[in-house]
Amino acid sequence: MADSYGAVSVDVETIYLGGKEHRVKTASGVVSVIVYGDREKPALITYPDLALNHMSCFQGLFFCPEAASLLLHNFCIYHISPPGHELGAAPICPNDSAPSADDLADQILEVLNFFGLGVVMCMGVTAGAYILTLFAMKHRERVLGLILVSPLCKAPSWSEWFYNKVISKLLYYYGMCGVVKEFLLQRYFSKEVRGNVEIPESDIAQACRRLLDERQSVNVMRFLDAIDRRPDISSGLKKLKCRTLIFIGDQSPFYSEAVHMAATLDRGYCALVEVQACGSMVTEEQPHAMLIPMEYFLMGYGLYRPCLFTESPRSPLSPSCIAPELLSPESMGLKLKPIKTRLSAA
């Protein structure tokens, strides 16, 4: 363990496929960043949803060989965890001031500056998508593009506010109990994945349930409080001129919010992908559904995926190599709206 420039870097190669954890001190506390890949490549910043980290929110996507080859071929990945959500995190002192959504967005800038990063690509899920969108609105010159999964942009509705208060009270009195985990699984996954009396709970939901056991309730409460106090950023979305790709599961409780966000953004810069029979966390439930839209999205930046899986109809990244029938909703479970891959000159 070495200390330098106000940050601590810890090797955690045994935890995440050769990744390296850096603990970056910011004005709003210490934030954990897992760096994976070649630091010379462009940066892809990820930010997870409530009570999750890179292992429980992005593992499905990065373990999908074709998606991993697309992203890791083009980027160095910087997985940012909300404060206290990293693997093995200790409880944050209750006396420490709780960060706001603005504070968490400002942490992103401090992380970028710590690593000497300029312009970055961003990928976030639900609450994480909100934080990254807010960051992009505050620092437009630092964001190349946004890949948002079940994003938020409005202030909490009365029902969401009440729902969050119930979770917060349960966390305070009972910790990460079974009822809280059920609430969170409903937030993340479709009914099919969660199971019922006739259908057993899927492996994905079981794995997520186990990972939730590792979260410290006080840390989750702090992130939940920041998201529950988030301001409506809809009015500023029109000024967001970076390309944006939005994924939303048709069973997500945030479906209408994502559709509203896509409708509010400049149509010349935004594409919406609806994933059928899926909840909010498309990255875990149906990561394969993200592949072709991401391929076309990144192709607009001159990025591509190496031809490593020639036996698969979803590779390589070339329009002539993708059969037209694969783009149908019936075959992919997608509703794909056109993605503008080239920006017109100002």
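Structure values in brief
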quantity: Residue list for region 176-204, restricted to those being touching a Leu at 6+ places or on another chain (Cβ under 6 Å) and modelled with pLDDT under 95; calculated: R194
quantity: Only one of Y173, Y130, Y163 that is open to solvent by 10 Å² or more (accessible area, probe 1.4 Å), modelled with pLDDT of 95 or more and not hydrophobic (A, V, I, L, M, F, W, C); calculated: Y173
quantity: Residue within region 117-128 that is in contact (Cβ under 8 Å) with a residue 60 or more places away in the chain and within 17 Å of K238 (Cβ to Cβ) present; calculated: no
quantity: Test: A277 is at pLDDT below 95, part of a loop (DSSP other than H, G, I, E, B), of a type in the set (A, V, I, L, M) and touching a helix residue (DSSP H, G or I) at 6+ places or on another chain (Cβ under 9 Å); calculated: yes
quantity: Selected residue [over 30 Å from S69 (Cα atoms) and of a type in the set (A, V, I, L, M, F, W, C)] from I246, I199, I292; calculated: I199
quantity: Unmet requirement for L184, which otherwise passes all of (1) under 20 Å from N53 (Cα atoms); (2) over 19 Å from the mean Cα position of the chain (by Cα); calculated: (2)
quantity: Single unsatisfied condition, S315 versus (1) at pLDDT below 95; (2) among the polar types (S, T, N, Q); (3) open to solvent by 10 Å² or more (accessible area, probe 1.4 Å); calculated: (3)
quantity: Of all residues making up region 249-265, the number that are free of Cβ contacts under 8 Å to residues at least 40 places away in the same chain and in contact with a helix residue (DSSP H, G or I) (Cβ under 6 Å, 6 or more places away or on another chain); calculated: 1
quantity: Any hit, region 143-154, residues being touching a residue at least 12 places away in the same chain (Cβ under 8 Å) and in a helix (DSSP H, G or I); calculated: no
quantity: Strands (runs of 3 or more DSSP E) fully within region 20-96 counting 2 or more residues that are at pLDDT below 95 and surrounded by fewer than 23 Cβ atoms within 10 Å (Cβ to Cβ); calculated: 20-26, 29-36
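Here is a yes/no grid of residues against (1) open to solvent by 20 Å² or more (accessible area, probe 1.4 Å); (2) over 19 Å from the mean Cα position of the chain (by Cα); (3) hydroxyl-bearing (S, T, Y):
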| position | (1), (2), (3) |
| --- | --- |
| R194 | yes, yes, no |
| D203 | yes, yes, no |
| R215 | no, no, no |
| P231 | yes, yes, no |
| L237 | no, no, no |
| P253 | yes, no, no |
| A263 | yes, yes, no |
| Y269 | yes, yes, yes |
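The rows are residues; the columns are (1) closer than 16 Å to L132 by Cβ; (2) acidic (D, E).
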{"residue": "F223", "(1), (2)": "yes, no"}
{"residue": "K238", "(1), (2)": "no, no"}
{"residue": "E257", "(1), (2)": "yes, yes"}
{"residue": "M261", "(1), (2)": "yes, no"}
{"residue": "D266", "(1), (2)": "no, yes"}
{"residue": "L272", "(1), (2)": "no, no"}
{"residue": "A277", "(1), (2)": "no, no"}
{"residue": "T283", "(1), (2)": "yes, no"}
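The values are calculated or read from the model by the stated rules, or taken from the named source; none is laboratory data. Small disclaimer: the values here were computed from a predicted structure and weren't measured. Every residue, glycine among them, receives a Cβ derived from its backbone with ideal geometry; neighbour counts consider all protein chains shown. We work out accessible area using only protein heavy atoms, side chains counted, and drop any ligands, DNA or RNA first. Shrake-Rupley method; radii C 1.70, N 1.55, O 1.52, S 1.80 Å.
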